[in-house]
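Everything below concerns the one structure shown next.
The numbers here are math on the coordinates, done by the rules we state, and not lab data. Treat the numbers as computed from the prediction; the structure is a model and nothing was measured.
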Amino acid sequence: MRVRPDDLGPLAGAARRAGQALSTPITLARQAGLIGAYARLAGWRAGPFLRWAARWDNLFQAGAGATRIGCFGPAPHVVWEVTQRCNLRCAHCASNSGKARDDELSLAQWRKVLEEIRALGGEEIQFIGGEPLLHPDWAEIAAWVGELGMRLVLLSNGLLMNTEEVLPQLKRLRPHLIGISLDGACAASYQQMRGVDGFGAVMQLLQQLVADGHPNVNAVTTFTRTNLGDFDRFVDLLEGSEITWQIQLAHGGGVRFQSDEFVTRDDFRRLVAKVRETLLHRPGVKLRTMDDFGYFPLDPALRFLHQTWSGCIAGSSLIGVRSNGDVLGCLSLGDSFVEANLLRTPLPEIWTKGSCFRRFREKLQTLRGICAVCAFATECRAGCPGIAVSATGHLGDNPYCIRALETEAILDSITGGK
Ligand SMILES: C[S@@+](CC[C@H](N)C(=O)[O-])C[C@H]1O[C@@H](n2cnc3c(N)ncnc32)[C@H](O)[C@@H]1O
Ligand code: SF4
Ligand code: SF4
């Protein structure tokens, strides 16, 4: 028989009432402790964290959803458009690069932003553009990244890199990863994608970077319908080399990118089959797929893709910063996804302000289509937002999903496609 506290007389009743009165502060204290522990695990520094936690609305909000700390955590990864200026005019360019923006941040402003990112626990800065090397002070900004204790990742078209000035600069900077775009597996295909004759120069540069001892040298291929047919040639080209082959899909959005260049779902299915064949039968190719190749495949040959995929981190531990200070959850997305501007609002405030990044942080409540009925939705959060928006116009609906394709194939085999 269970004894209820009230059965034990007035003393027990008082204890029960005291327990009830204390339960809210105890819960809050426990949540605060948990948040502190999460913050520590996540590498937050005490100062900014305490300032953040001192705001009761933040504490309540985080306490209520303490298990989803990712949505309130620091921004370890920042993708940074150093400048929008570019020496090329690639047709697929999502960032519409060409001319510098009229209002690009000054060096002093960049320094302040970098310090804010670091204070928020930032660990990695990825330089993209435009062409980052066209910023007159790119090397100085890159050096600050290291001085502030963060990792530098540099993405470049490579055409300004193989010089007596830049190669030694790179050796001093020691980026964690250097990615060089290689969108064609031969001179003609490269020219078709990038509008210039650069294939030979980029291949030579990639080899030089490996020879210079850089730890991670990636050839970055972005697939559109134009260069899909190059897949096998890329495999032959890069097999046996130290160069990692990083592949991704071009998402829509840029003004030059024609929507009929976006790979279809059938193209994607074929591409996935090629990835599978390469992983199984061409171990000499250091193939790495980006986050637009997922998610939770049934096929054991593809299983390792996204084994550690814990959902899209845009707006939760990744942000994109444009060269004019606009902040987005992810730089793959267009103007309608700008959350705030660093010149008007300091980054810590943007990061913790309830109104920013809600579409990412509360994405689960807005899933649609196949993602809305998917058993993995809580973890996956509809995969890559750039692809989801290109395919369906909606962040929470992503038909470019290997699991979804596999499920459809199984259902078709049962129903005979009816
Ligand atoms: C925007 S560029 C900036 C760095 C440099 N200018 C370059 O081309 O490598 C960074 C990477 O994004 C890729 N990219 C361009 N347009 C894209 C799109 N629509 N979708 C996905 N990636 C894209 C480029 O091919 C390149 O590998
Ligand atoms: S993809 Fe890179 S190189 Fe091509 S136009 Fe865009 S920023 Fe310039
Ligand atoms: S259906 Fe959507 S939520 Fe499910 S695994 Fe695929 S992309 Fe992720």
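Brief remarks on what is shown
- Whether region 354-393 is rounded, prolate or oblate, judged on the alpha carbon gyration tensor where a/c under 1.5 counts as rounded: oblate
- For the cross-link pairs 171/353; 274/418; 99/171, the ones whose C-alpha atoms lie over 32 Å apart are 171/353.
- A straight chain from residue 414 to residue 260 at 0.36 nm per residue would run longer than the Cα-Cα distance by 52.2 nm.
- Cα-based Kirkwood hydrodynamic radius, region 165-231, one decimal, Å: 12.7
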